[in-house]
Amino acid sequence: MARRYGSRYTRKSHTLILILVSAAALLAAFAVWKVYSSIREYQVSRDAYDGIILETADRYGIDPALVKAVIWRESRFRPYVRGKAGEIGLMQIMPDKAVVDWAKRFRVPVPNRGALFTPRLNIEIGTWYLGNALRRWAAYQDRLPLALCEYNAGIRRANAWKPADKNGRVRDRITIASTRSYVDAVLARYEEYKKNWQKKYPLKGTRR
């Protein structure tokens with residue numbers, strides 16, 4: 001009886017081990033598939049809006065690589081993202097700020113919030129808003145960091161951080177850590193996109 005019991009116990013143990021190993025293998029395979037799918041989805045999505053970016057950036061005289069870097073930082077190319085403060089879409093535009101300003105400038109009705117998730121309209125408004133910031137700080141050597149400060153933290157804070165000397169540096173004057181991190185991240189990604197842009201779109205130049 002003891003031998004039979006031991007044999008049955010051993011078979012059950014082996015069966016349980018096989019079940020656990022199989023389950024672990026399935027979970028591992030599923031995890032690998034999810035990671036691979038996420039990477040593939042990101043690789044596809046990050047280039048999905050290049051045509052719109054090129055067209056819109058050209059219209060407002062902005063380097064398309066900069067627009068793309070802002071989209072990367074704001075939404076990781078996900079068009080239906082909502083921010084904690086109400087920001088919407090690819091470029092995380094503010095319905096009660098950038099959108100209203102854009103509508104007033106072009107004398108058109110303010111779009112409803114659902115329409116703001118549309119990539120073309122979202123990139124249109126976000127790029128126009130970014131272009132305004134770049135022109136505002138055109139006389140400063142660090143016009144890109146200042147424009148990004150304005151885009152991220154608003155014109156009042158950007159004004160507070162501008163250097164007295166227009167050739168002065170901006171980064172160390174930024175008092176909000178998240179904005180400083182934002183500016184660093186966008187500028188780093190901008191340099192990366194500039195290097196790759198000509199390989200993909202040799203007929204489209206980049207501009208500072």
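Here, each number is a calculation from the coordinates, and none is a lab measurement. All values derive from a computational prediction rather than experimental measurement. Reconstructed Cβ throughout: ideal geometry from the backbone, glycine too, with neighbour counts over all protein chains shown.
Assorted remarks:
- Couplings 3J(HN,Hα) for the range 133-140, derived from phi with the Karplus relation 6.51 cos²θ - 1.76 cosθ + 1.60 (θ = phi - 60°), are 5, 4, 5, 4, 9, 4, 7, 9 Hz, where x marks Gly and Pro.
- Bridging of LYS104 to aspartates and glutamates at a Cα separation below 14 Å is possible for ASP96, once same-chain residues fewer than 8 apart are set aside.
- Backbone HN-Hα couplings from phi across the range 144-158 [Karplus 6.51/-1.76/1.60, Hz, Gly and Pro as x]: 5, x, 5, 5, 5, 4, 5, 4, 8, 10, x, 5, 4, 5, 4
- Distances between placed amide hydrogens fall under 5 Å for ILE93 paired with ILE88, all partners being 5 or more residues away or on another chain.
- What the phi angles of the range 165-178 give under the Karplus curve with 6.51, -1.76 and 1.60, with θ = phi - 60°, is a coupling list of 8, 5, 8, x, 8, 9, 3, 6, 8, 6, 8, 9, 4, 5 Hz, glycine and proline written as x.
- Reachable aspartates and glutamates, given that their alpha-carbon falls under 19 Å from the alpha-carbon of LYS162 and they are not under 8 places away in the same chain: ASP142, GLU150, ASP172, ASP184
- With contacts taken as Cα pairs under 8 Å at a separation of at least 6 residues, the range 98-204 carries a relative contact order of 16 percent.
- Residues of type aspartates and glutamates that LYS200 reaches as a straight line, Cα spacing below 18 Å, ignoring anything fewer than 8 places off in the same chain: ASP47, ASP50, GLU55, ASP58, ASP63, GLU191, GLU192
- Under 16 Å from the SER178 label point (7 Å along Cα→beta-carbon), backbone N, the range 113-128: none
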